[in-house]
Amino acid sequence: MYYYDLHCHTNLSEDSFTDIKDAVNVAKKRGLDGIAPTNHNKKYDGSLLIDGIQIIPAIEVTVEGESHLLAYFVKEDISKRDNFENIIKNIKNQGGYAVLAHPYRNSHGWFKKDNLDDILSVVDGVEVGNALDSKEQRDLASKLLNNDLVGTAGSDAHMSGQVGFAVVGVKERLNKENFKEVLKDAKIIIAPESDNFKMFWHLKNIIGRVKNSINGFRPLKFIFYNVIMKLYFTIKNRSLLKINFNYKNEKNI
């Protein structure tokens, strides 16, 4: 079986300080075969194979109304906060796949949309295994699936030590041509270690509110991101990197 973390961030995202090579190193350590760098509104332009780890090009797009949409196998930037219809058209024109990110999360989710059924009719999948979501949120997301929608999973890592906290297990390597077909039979796996890290999400929400309040003050924003936030991430990541597991060695998966 092959294991992929289909939602993680590197330092191309404003709220992450992880170098892609650091994410790859953790992915190898934890028995992954590939990762998808889904940075906020920024496409991935690097190598598609780093030290034996497959890289799936992707973006996490901020749709009009603040919801987040994961776009896989796209090669061009997608305008953030554009309307949903234009973003879907852009993804499809690039031959990519659209997946609703963490649909039941209060922040950047989708469950409050009055036209959710219409939205589900044009996307390719739903993220049902986000490591930062609660079990209840993941269970609700799973209920959105139907014969036309696949379920995906990812750590939503903003630090390298989170990589692999949630993955899909599939029977063959993913590529642009087979992505949706192979994911139909994917196993959604949430590492138990992710339960020890829910506090990060609450803190990240606080960080987000602080960020929004100082967006107009560049000196404060610089200090916040490059001193306070970076220091917290560095300290927390040290403990995360000590968490040892390897999907290739887990007998119960």
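The values are calculated or read from the model by the stated rules, or taken from the named source; none is laboratory data. In this text, all values refer to a predicted model and were calculated from it rather than measured experimentally. In this analysis, Cβ positions are derived from the backbone assuming ideal geometry, glycine residues included, and neighbour counts consider all displayed protein chains. Please note that ligands, DNA and RNA were not included when accessible areas were found on the heavy atoms of the full protein model with its side chains. Shrake-Rupley method; radii C 1.70, N 1.55, O 1.52, S 1.80 Å.
For the stretch 1-61, taking the reciprocal of the average inverse distance between every pair of different Cα atoms yields a Kirkwood hydrodynamic radius of 11.3 Å.
Protein heavy-atom surface of the chain, 1.4 angstrom probe: 50% of the accessible area is carbon and sulfur, with nucleic acids and ligands not counted.
The 3J(HN,Hα) values that the Karplus relation (6.51, -1.76, 1.60; θ = phi - 60°) gives for the stretch 178-187 are, in residue order, 10, 3, 6, 5, 5, 5, 4, 10, 5, 9 Hz. Gly and Pro appear as x.
Accessible surface computed residue by residue for the stretch 32-175, with neighbouring protein chains in place and a 1.4 Å probe, gives 39 Å² per residue. Calculated FRET efficiency, Ser79 to Lys21, Cβ-Cβ distance, R0 = 25 Å: about 0.30 to the nearest 0.05. Rounded to the nearest 20, the Cβ-based charge dipole of the stretch 98-157 about its Cα centre (Lys and Arg +1, Asp and Glu -1) stands at 180 debye. For the stretch 15-85, lysine pairs with C-alpha atoms less than 23 angstrom apart, excluding pairs fewer than eight positions apart on the same chain, total 9. Close amide H partners of Glu14, meaning residues 5 or more places away or on another chain with modelled amide H under 5 Å apart, are His40. Assign one of three labels to the stretch 130-181, namely rounded, prolate or oblate, based on the Cα gyration tensor with a ≥ b ≥ c the square roots of its eigenvalues; rounded applies when a/c is under 1.5, prolate when it is not and a/b is larger than b/c, and oblate otherwise. It comes out oblate by the Cα gyration axes.
Rounded to the nearest Hz, the phi-derived 3J(HN,Hα) couplings of the stretch 142-154 under the Karplus curve 6.51 cos²θ - 1.76 cosθ + 1.60 (θ = phi - 60°) are 4, 6, 7, 5, 8, 5, 9, 10, 9, x, 10, 8, x, where x marks glycine and proline.
Averaged over residues, the count of other Cβ atoms within 10 Å places the peptides 24-36, 157-169, 55-67 in the sequence 157-169, 24-36, 55-67, highest first. Scaled to the globular estimate 2.2 N^0.38 Å, the Cα spread of the stretch 36-116, given as radius of gyration, is 1.11. Along the charge dipole of the chain, Cβ charges K/R +1 and D/E -1, which of Ala23, His108, Val168 sits furthest on the positive end? Of Ala23, His108, Val168, it is Ala23. Dividing the summed -39500 (n - 2.57) terms of all DSSP H runs of n ≥ 4 by the residue count of the chain sets its mean residue ellipticity at 222 nm at -8000 deg cm²/dmol.
For Asp82, the residues 5 or more places off, or on other chains, whose built amide H falls under 5 Å of its own are Glu64.
In square nanometres, what is one fourth of the surface area of the convex hull spanned by the alpha carbons of the stretch 93-193?
7.1 nm²
Can you tell me how the chain classifies by the Cα gyration tensor, rounded, prolate or oblate, using a/c under 1.5 as the rounded cut? Note, shape of the chain comes out rounded.
Between the listed residues Ile188, Gly96, Val74, the Cα displaced farthest toward the positive end of the dipole of the chain, a dipole computed from Cβ unit charges relative to the Cα centre, is found at Ile188. Note that the stretch 113-122 has calculated 3J(HN,Hα) couplings of 6, 5, 9, 4, 4, 5, 5, 5, 6, 10 Hz, one per residue in order, obtained from phi through the Karplus relation 6.51 cos²θ - 1.76 cosθ + 1.60 (θ = phi - 60°); glycine and proline are x.
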